Structure formats: structure tokens, C-alpha cells
Amino acid sequence: MRHMLNPLDFSVEEIDQLLTLASDIEQNFPKYAHVCNGKKLATLFYEPSTRTRLSFESAMLNLGGSVLGFSSADSSSASKGESVSDTIRVISCYADIVAMRHPKEGAPLVASMKSRIPVINAGDGGHQHPTQTLTDLMTIRSLKGHLENLTIGLCGDLKFGRTVHSLIEAMVRYPNIRFVLISPDELRVPEYIRDDVLRANNIPFKEVDNLDEAMPELDILYMTRVQKERFFNEEDYIRLKDCYILNKDKMKLAKPDMYVLHPLPRVNEISTEVDDDPRAAYFKQVQYGVYVRMALIMTLLEVEKPC
Amino acid sequence: MRHMLNPLDFSVEEIDQLLTLASDIEQNFPKYAHVCNGKKLATLFYEPSTRTRLSFESAMLNLGGSVLGFSSADSSSASKGESVSDTIRVISCYADIVAMRHPKEGAPLVASMKSRIPVINAGDGGHQHPTQTLTDLMTIRSLKGHLENLTIGLCGDLKFGRTVHSLIEAMVRYPNIRFVLISPDELRVPEYIRDDVLRANNIPFKEVDNLDEAMPELDILYMTRVQKERFFNEEDYIRLKDCYILNKDKMKLAKPDMYVLHPLPRVNEISTEVDDDPRAAYFKQVQYGVYVRMALIMTLLEVEKPC
Amino acid sequence: MRHMLNPLDFSVEEIDQLLTLASDIEQNFPKYAHVCNGKKLATLFYEPSTRTRLSFESAMLNLGGSVLGFSSADSSSASKGESVSDTIRVISCYADIVAMRHPKEGAPLVASMKSRIPVINAGDGGHQHPTQTLTDLMTIRSLKGHLENLTIGLCGDLKFGRTVHSLIEAMVRYPNIRFVLISPDELRVPEYIRDDVLRANNIPFKEVDNLDEAMPELDILYMTRVQKERFFNEEDYIRLKDCYILNKDKMKLAKPDMYVLHPLPRVNEISTEVDDDPRAAYFKQVQYGVYVRMALIMTLLEVEKPC
């Protein structure tokens with residue numbers, strides 16, 4: 001039995017198979033309408049995340065399965081002092097696969113060790129959020145046609161941004177990738193990313209603090225929200241949050257086939273005037289997220305691909 | 001693509017078609033069990049409303065579709081600062097139709113402007129609640145056989161009662177309608193209803209403060225809850241809430257075919273002793289609400305009527 | 001129309017039929033995948049209980065039905081002052097069967113009196129929780145092969161433990177049952193259980209305060225959580241909660257075919273080192289809970305057993 005706890009749990013070949021399946025789902029959607037009939041997904045969200053939860057639910061419903069679960073810890077048994085290990089053994093009796101969101105790093109891993117059903121990490125604290133990374137990979141592959149030979153700009157909060165770290169770790173496995181890391185000094189990527197991930201793999205990268213200058217060379221621009229909840233004080237948050245706002249003028253500096261991604265929700269780091277630009281891909285990305293979760297659910301449940 | 005934001009979005013003819021479909025659903029319920037197979041309804045309830053939410057969910061399940069969503073803003077991304085415009089673009093990737101309840105007037109309209117899927121306003125603040133109005137219309141038409149030639153009494157909180165205003169606006173489009181507006185002076189219908197809706201359409205109406213005297217001439221009595229949350233102070237609420245309580249004695253004054261409607265929940269404005277009176281239609285009304293929502297979902301999704 | 005408000009609502013013969021159906025479901029699971037197609041379960045949880053709610057939802061989905069409802073009173077109309085009697089009449093328009101959890105004793109009974117659909121009590125305060133009792137009975141019958149000729153140990157909080165009282169009341173209807181009641185003096189079973197249930201039915205029992213001494217003679221050991229919320233003060237809770245902790249050493253004193261049950265969630269009253277003992281039956285019990293709820297839903301809906 002496989003779980004999905006970390007995007008690196010799957011090899012490059014397995015990711016490739018998964019993304020190929022997701023693309024087939026996109027192109028032959030009705031073919032998959034019943035492949036999970038009678039299967040049940042449990043969505044265990046110990047902290048709210050509407051977008052991620054509904055993406056999983058939509059994915060499972062699209063496959064003909066059904067969904068049960070909870071959307072916040074208030075309505076769970078966690079408040080009665082039950083351990084995640086016990087909860088997952090109970091949920092194993094109720095469902096065929098589980099998507100777990102938890103504020104504590106490693107909770108899905110702990111769950112997977114006692115689970116009788118596949119566990120998908122739907123985000124554990126600042127740690128991992130593998131289905132977001134898979135979504136990002138599918139978006140890039142679908143729009144650019146490949147995952148190699150790309151210059152990828154990452155902009156905003158690169159220090160606390162979980163999705164940024166995961167995306168870097170996932171992309172360094174592909175040939176000829178360059179990164180441009182665009183952030184204020186206070187929000188640079190952590191040391192371990194620079195040393196253990198980038199330098200250790202001989203990946204070219206540069207760190208800059210100016211979005212305008214970086215624009216012309218990018219194939220992908222990955223914008224991130226400056227998440228208030230990751231800051232230590234209000235003052236720093238207010239000072240930094242508006243530094244890197246993408247607007248029409250900045251888009252003029254970009255290549256005609258440079259796509260803008262964002263894990264959402266956006267606050268104001270992408271001006272709404274950019275939304276109608278054909279290179280704005282952040283809402284398409286949401287749709288790819290459903291397809292990739294459908295592919296992941298099928299893969300972990302070992303459901304046969306319909307012919 | 002059509003939305004349902006305001007009961008007046010549909011012409012009298014379109015309402016007539018909708019109610020005819022709803023009646024057919026009532027009479028041939030099993031025929032409709034699969035017409036929305038594979039379709040997904042998103043229920044986005046930024047404020048809780050169990051009754052309305054479950055009516056929509058029941059409607060969609062009755063049609064063979066499925067449901068996803070949230071039941072209060074706590075468990076949504078709203079708290080992360082996302083705009084309704086962004087949320088609806090995301091939800092457009094997850095579902096085929098959406099029912100949105102929002103505390104702010106106009107939020108469903110804003111959503112509809114960016115939505116790729118039909119939006120149903122499931123109540124926006126004190127503004128509109130079109131499926132309640134459609135429910136009221138279907139109840140009257142089903143019980144009386146027609147929507148014209150009726151004397152309609154509206155009783156209770158006519159000032160803040162959103163459903164009352166909508167029902168008046170909807171009924172003035174039918175021939176030979178009279179209104180008896182029964183309320184304490186403090187809770188009379190707003191000036192714009194009297195001037196712009198009633199007088200502007202030459203609709204006969206009278207305003208009275210005595211329920212007993214009004215009873216004998218009514219064909220329909222629409223009771224409303226005196227909603228605590230609409231009051232400015234506790235004292236006014238306590239003084240006024242019990243003024244207009246319908247009981248068995250008052251029912252003796254009414255015609256044998258006068259029906260009592262109420263949008264529910266009731267607190268004490270209708271004594272439970274009235275519940276067994278065959279003219280008490282407020283629980284039937286709930287059932288009609290499911291049928292009319294089924295018809296609305298089918299209509300907006302442009303689902304073929306089964307033969 | 002039948003309801004399930006109290007485990008004693010069903011005769012011994014009816015319980016026997018129900019458990020036989022549940023066992024058939026366990027052994028021929030796929031046969032039941034569509035017996036409730038088109039049926040809807042409403043889960044009305046006025047207080048959160050994830051385990052119980054999800055067990056019901058899993059059960060209904062396993063039968064091919066669908067589910068709607070709420071998971072806490074915050075998101076219900078209860079806050080608008082609606083009575084349970086009115087709510088159930090509304091829900092009767094939305095669903096085919098209801099599972100209700102309520103903090104007030106007797107609320108499901110009140111609901112059943114106005115309901116047009118079968119009501120299952122999913123726990124009403126400290127009063128009854130019949131589907132837990134049915135789960136316990138199925139677990140004992142499945143593991144021991146019968147419900148008579150058993151010595152049953154009940155350990156922990158026997159004073160406030162609702163499930164303990166219900167299990168005693170249910171088991172005294174079977175021949176040749178003995179109880180060993182293991183608790184600190186402060187948490188002994190209430191007087192009415194000793195007098196009106198045990199002595200009135202000539203059921204042999206003893207009360208002891210030492211788990212070790214009781215172990216060798218037991219066929220079933222039913223452990224319970226010392227529920228913090230039932231205590232009057234923190235100090236008593238801390239002093240008593242760890243008194244009766246089951247561990248590997250204690251298990252060595254037990255018969256090789258003595259099974260350990262627990263209604264869950266567990267806090268620390270069963271050491272996790274016991275989990276791998278083949279006699280640890282508390283997670284199997286969860287699975288039996290799903291089967292027995294499937295059987296109950298089918299029985300109350302009068303669904304034909306498939307051939």
C-alpha cells in the first residue's frame with residue numbers, strides 16, 4: 001500500500017505516470033465518471049482549508065466515489081484527547097482512502113504508520129503539501145509541454161512558503177532547471193534549501209530583490225501570498241506584504257509564453273488587472289489540481305484505468 | 001448562462017414554467033432521480049442557515065447529483081482574505097452550480113459576474129432570498145390552484161422581513177391581488193414598498209394593526225418571525241415579539257380555505273395548537289421548497305426534462 | 001414506522017434478526033451496495049461526535065444512499081430558537097431517516113413523536129446511545145459466537161458511563177450472564193442499576209476495585225474512558241483517571257479467548273502495547289459498528305434484504 005506524504009515519495013517516473021493519467025483525465029473526463037463507484041474518501045481537516053478540501057471532494061465525486069469527514073478540529077474527536085494513531089484506525093473502518101490536513105508537522109506520517117488505507121498528506125503545518133506540488137507540476141507540464149529546460153521565478157515569501165520549498169525540491173529532479181528567487185532579504189529561502197537542495201544538486205540559481213529586473217528571463221513566475229499567520233509581528237507583515245505586487249506593467253516585461261502561477265488564495269500580490277492576461281494561469285491551476293488529485297486517488301487505490 | 005439572484009430575474013412566464021416543472025416533480029418524483037447524475041452542487045454558506053442549505057442539498061441529491069461546500073465562514077477561505085470573485089472562480093473548477101448564502105448584500109451578484117457556473121442567491125443579508133420566494137409562490141399556487149385573484153395577509157415584522165418584501169414584489173405581477181399588511185406601527189413595510197411597488201402598480205392594500213379583524217377576508221395568511229437579530233435593542237424586541245400570535249381562536253375567524261404560510265423557523269408567533277389545522281401549510285411549504293429548488297437547479301443547468 | 005431510541009426498543013428476537021443481518025452484511029458486503037439507492041440519511045448532531053457521525057455516514061454510503069446534515073449546533077437553526085419538534089418536521093421533508101445526537105436527554109424521543117421518518121438516537125446526553133450498545137452486542141456475538149453464558153467485566157467509570165449502563169440493561173436479557181463491576185468506590189454503577197436491573201433480574205454480579213484479581217474469570221472485558229466532562233472537579237478527575245489502566249502484564253492474567261472492548265475514544269486507559277494482542281477487539285468493534293448501523297438503517301427503512 002502506498003501513501004502520499006511528501007512529493008518526493010514518488011520517483012520522477014511515477015510522477016510522470018501520474019501526470020500522464022491526470023492529462024488523460026482532463027481530455028477524457030467522462031470516461032472516469034464511475035471508476036471509484038462504491039469507494040469512500042475521508043477528508044480529515046484538523047484545520048480549515050476550504051480550497052484544498054473541496055478540491056479533494058470534487059476529485060472523488062468526479063470519479064463516482066463519495067466523501068465523508070470533517071472540516072475543522074472543533075467538530076472532531078481530537079478535543080476528546082484521541083491520538084492521530086487511534087483516529088486513523090477508526091477511519092480505516094469508515095473509508096477507503098484519507099486526505100489529512102493537520103497543523104502539526106508529521107501528523108499524516110504518524111497516521112500512515114497505523115492506517116489500513118492510503119493516506120494523503122493534505123498539508124501538515126509548514127512542512128509539506130504534496131498535492132499542491134503535484135498541481136504545480138501538472139500546470140507547468142500542461143502549459144509548457146515539459147518539465148525540463150525552464151527558468152522558474154519564485155516571488156514573495158520564500159522563507160515561510162511551504163509550497164515554494166516543495167516546488168524547488170520537486171523541480172531539481174528535472175534536467176536543466178534554473179531558479180530566480182525574488183524576495184526581500186527578510187523572506188529569502190531557508191539556508192537548507194540553498195545548500196542541501198540547490199547547491200548540492202548543482203542547480204543554478206540567483207537571489208534578487210527586484211521583480212521587474214527578473215521578469216524578462218522567466219518561463220514560469222510562481223507568485224506567493226505573504227501569509228499573515230507565518231509572521232512574528234504585525235509591523236513586519238505590513239511593511240513587507242505589498243513589496244512584490246504583480247501588475248500589468250510588470251507583465252509587459254515578461255516573455256509572451258511566460259505563465260504566472262499562484263497557490264491561492266491571493267490577497268493583493270497579483271493585481272486583478274492581470275487576471276485577463278492569457279498568461280495568468282492561477283485559476284487554470286485550480287482545475288489542474290482537481291485532475292491531479294483524481295489521478296492520485298486512482299493511483300493509490302490501484303483503480304484500473306478505464307479503456 | 002442564467003443565474004438566480006433576484007426572484008424578478010425570471011419573467012412571469014419563466015416562473016410559470018418553473019412552477020409547472022416543480023409540480024411535475026412533485027407528482028412524478030421517481031422520474032427525476034437521475035437527471036443530474038454526475039453534476040455537483042456547491043453550497044457556499046458564509047453564514048449558517050441549516051434549513052436552506054439542507055433544502056438545496058436534498059434537492060440536488062433527489063436529482064441524482066452530489067454536493068460539496070461549507071456551512072459557515074469559519075471553515076472557509078474567507079478568513080484568509082480571499083475575495084468572493086476569486087472564490088467563485090475556484091469553485092467554478094469544483095462544481096457545476098452554486099448556492100451562495102452571504103451576510104453582505106450583493107455578494108452573489110458579484111460572484112455571478114466572474115462565475116463560469118450558474119449562481120443561486122441563497123440569501124444575501126437583508127436583501128434577497130429568491131428560492132424562499134419561489135417556494136412561497138409554489139405553495140400558494142399548489143394550494144389555491146392559481147396565483148391571481150387573491151387577498152394576501154402579511155403579518156408580523158413587515159419592516160425587516162426580507163421574505164415579505166420579496167413576496168410582495170413577486171405577487172404584484174399577477175392580476176387582481178390585494179394585500180392586507182398587519183403589523184405594529186413600528187414594523188410597517190418600508191416606504192419604498194408602499195410607493196414604488198404597491199402604489200406604482202396600482203395594487204390595492206391596507207395597513208392594519210389588528211390580526212383578528214383582518215382574518216375573515218384573507219385567502220392567504222403569511223406569518224413571519226420577529227427576528228431578534230434585526231432589532232436595534234432588546235427592549236423593543238420583547239415588547240413587540242408577542243403582539244401577533246396566531247392561535248386556534250384566530251383561526252376560527254378565517255375562511256375554510258385560507259392557508260397559513262410561514263418561512264420558518266417559527267418561534268412562538270404561531271401557536272403549536274394550529275399545527276393540526278388542515279389550513280396550516282408551513283410544513284408543506286418546506287416540502288414545496290425542495291421541489292422548487294429541484295426545478296431551479298434543472299432549469300439553470302439546462303437539464304432536459306425526462307419523458 | 002419504527003424508531004431506535006433505546007436499545008430495549010427492540011425485543012431479543014428483533015435484536016437477533018438485526019445482528020444476523022449485520023453479520024450477513026459483513027460476509028456479503030458487495031451484495032448490499034445498492035439497497036438504499038436514492039435514500040437519504042440526515043445526521044443531526046447538536047453536539048460534535050465525529051466517530052459516531054462518520055460511522056452512520058459510512059454505513060449509509062455503503063448501502064448506496066446519501067447523507068446530509070450538520071455536525072454541531074453552531075451551524076444549525078437551533079440558535080434561532082427553533083424547537084426540536086419543528087426541526088424534525090422540516091427534516092422529514094429532506095431525508096428518509098435521521099440520526100440525531102443531542103446534549104439533552106429525551107430530545108430524540110421528542111423528535112420521534114412529530115417525525116414522518118424513522119429517528120435513530122445517536123446519543124442523548126448521559127442517557128442512551130443505542131447504536132453503541134448494538135455495536136457492543138454484535139462484537140461480543142461475533143467474537144464469542146453467542147450472547148449467553150458469559151462473564152462480563154466492566155471497568156473504569158461505571159457511574160457516569162452511559163454505554164456501560166446500556167450494555168448491562170441489554171445483556172441481562174440473555175441467559176446465564178454474570179457481571180464483574182470493576183471501579184473505584186467513587187465510580188461504582190448507580191444504585192438503580194444494582195437494584196432495578198441486576199437484582200430485579202436475579203443476575204449474579206460482584207463489585208471489586210482491583211482489575212488484576214478480576215481478570216482470570218472474564219470472557220469479555222469492557223474498558224471505559226474516564227470522561228473528564230462528567231466530573232464535577234478537576235482534582236477528582238486527575239486522581240481517578242489512571243487507576244485502571246490495562247497493559248500487557250494484566251493481559252497475561254486473562255483467558256486466551258477473553259476479548260477487550262472499548263467504546264472509544266481511548267485516552268490512556270488501555271496502553272498501546274495491548275493493541276497488537278489478538279484479544280484487543282476495540283478497533284474491530286468500530287468495524288462492527290458500521291455493519292450494525294447498516295443493518296439498522298435497512299431495518300428501519302424496511303428495505304428488502306437482497307438475495
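The values are calculated or read from the model by the stated rules, or taken from the named source; none is laboratory data. Model, not experiment: these values are computed from the prediction. All Cβ positions, glycine included, derive from the backbone under ideal geometry; neighbour counts span all protein chains shown.
Scanning the stretch A:205-228 for residues that are farther than 18 Å from A:Asp275 by Cα and β-branched (Val, Ile, Thr) yields A:Val208, A:Val226.
Looking for whichever is loosely packed, with under 15 Cβ neighbours inside 10 Å, closer than 21 Å to C:Asp136 by Cβ and among the hydroxyl-bearing types (Ser, Thr, Tyr) here; the options are C:Tyr222, C:Tyr192. Which one fits? Quick ask: steps written out before the conclusion?
Numbers: C:Tyr222 fails: loosely packed, with under 15 Cβ neighbours inside 10 Å.
Checking each option against the conditions leaves just C:Tyr192.
Selection within the stretch A:102-122: residues that are touching a helix residue (DSSP H, G or I) at 6+ places or on another chain (Cβ under 6 Å) and among the polar types (S, T, N, Q). The member of this set that is surrounded by the most Cβ atoms within 10 Å (Cβ to Cβ) is A:Asn121. When residues in the stretch C:1-37 are screened for being within 21 Å of C:Arg116 (Cβ to Cβ) and outside any loop (DSSP other than H, G, I, E, B), 2 of them pass.
This table checks each residue for (1) modelled with pLDDT under 95; (2) over 16 Å from the mean Cα position of the chain (by Cα); (3) closer than 21 Å to B:Arg162 by Cα; (4) surrounded by fewer than 24 Cβ atoms within 10 Å (Cβ to Cβ).
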position	(1), (2), (3), (4)
B:Leu44	no, yes, yes, no
B:Ser49	yes, no, yes, yes
B:Lys80	yes, yes, no, yes
B:Arg89	no, yes, no, yes
B:Ser92	no, yes, no, yes
B:Met100	no, no, yes, no
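Can you find even one residue in the stretch A:178-195 that is among the β-branched types (Val, Ile, Thr), over 21 Å from A:Glu148 (Cα atoms) and part of a helix (DSSP H, G or I)? The answer is no; no qualifying residue exists. Here is a check on your reading of the model: is C:Val119 in contact (Cβ under 8 Å) with a residue 24 or more places away in the chain and either more than 30 Å from C:Asn268 (Cα to Cα) or out of contact with any strand residue (DSSP E or B) (no Cβ under 8 Å at 6 or more places or on another chain) (or both)? Answer is yes for this residue. Just one of the numbered conditions (1) closer than 13 Å to A:Gly153 by Cβ; (2) surrounded by 11 or more Cβ atoms within 10 Å (Cβ to Cβ); (3) not hydrophobic (A, V, I, L, M, F, W, C) is not true of A:Lys228: (1). Is it fair to say A:Ile25 is more than 13 Å from chain C (Cβ to nearest Cβ), surrounded by 21 or more Cβ atoms within 10 Å (Cβ to Cβ) and in contact with a Phe, Trp or Tyr (Cβ under 6 Å, 6 or more places away or on another chain)? Answer is yes for this residue.
For (1) among the hydrophobic types (A, V, I, L, M, F, W, C); (2) closer than 21 Å to C:Met138 by Cα, each residue gets a yes or a no:
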{"site": "C:Met4", "(1), (2)": "yes, yes"}
{"site": "C:Pro7", "(1), (2)": "no, yes"}
{"site": "C:Asp24", "(1), (2)": "no, yes"}
{"site": "C:Leu41", "(1), (2)": "yes, no"}
{"site": "C:Pro48", "(1), (2)": "no, no"}
{"site": "C:Gly69", "(1), (2)": "no, no"}
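Residue pairs whose Cβ atoms lie under 7 Å apart, sitting 6 or more positions apart in sequence or on different chains, and linking a residue in the stretch B:176-193 that is over 17 Å from B:Tyr244 (Cα atoms) to a partner that is among the aromatic types (Phe, Trp, Tyr) and in a helix (DSSP H, G or I), do not occur here.
Does A:Thr43 satisfy being under 24 Å from C:Arg53 (Cβ atoms) and either within 14 Å of chain B (Cβ to nearest Cβ) or out of contact with any His (no Cβ under 6 Å at 6 or more places or on another chain) (or both)? Yes, satisfied.
The set of residues in the stretch C:278-307 being closer than 22 Å to C:Asn6 by Cβ and of a type in the set (Gly, Ala, Ser) consists of C:Gly289, C:Ala295. Answer yes or no as to whether A:Ala200 is modelled with pLDDT of 95 or more and crowded, with 21+ Cβ neighbours inside 10 Å. Taking the combined requirement at face value, the residue does not satisfy it. Scanning the stretch C:57-73 for residues that are more than 7 Å from chain B (Cβ to nearest Cβ) and either at pLDDT below 95 or closer than 17 Å to B:Gln285 by Cα (or both) yields a count of 3. Look at the stretch B:253-274: where a residue is exposed (fewer than 15 other Cβ atoms within 10 Å of the Cβ) and a partner is assigned to a loop (DSSP other than H, G, I, E, B) and among the polar types (S, T, N, Q), sitting 6+ places away or on another chain with Cβ atoms under 7 Å, you get B:Glu273/B:Asn247.
Conditions tested, residue by residue: (1) at pLDDT 95 or above; (2) in contact with a Leu (Cβ under 6 Å, 6 or more places away or on another chain).
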residue	(1), (2)
B:Asp96	yes, no
B:Pro103	no, no
B:Val110	yes, no
B:Met113	yes, no
B:Asn121	yes, yes
B:Gln132	yes, no
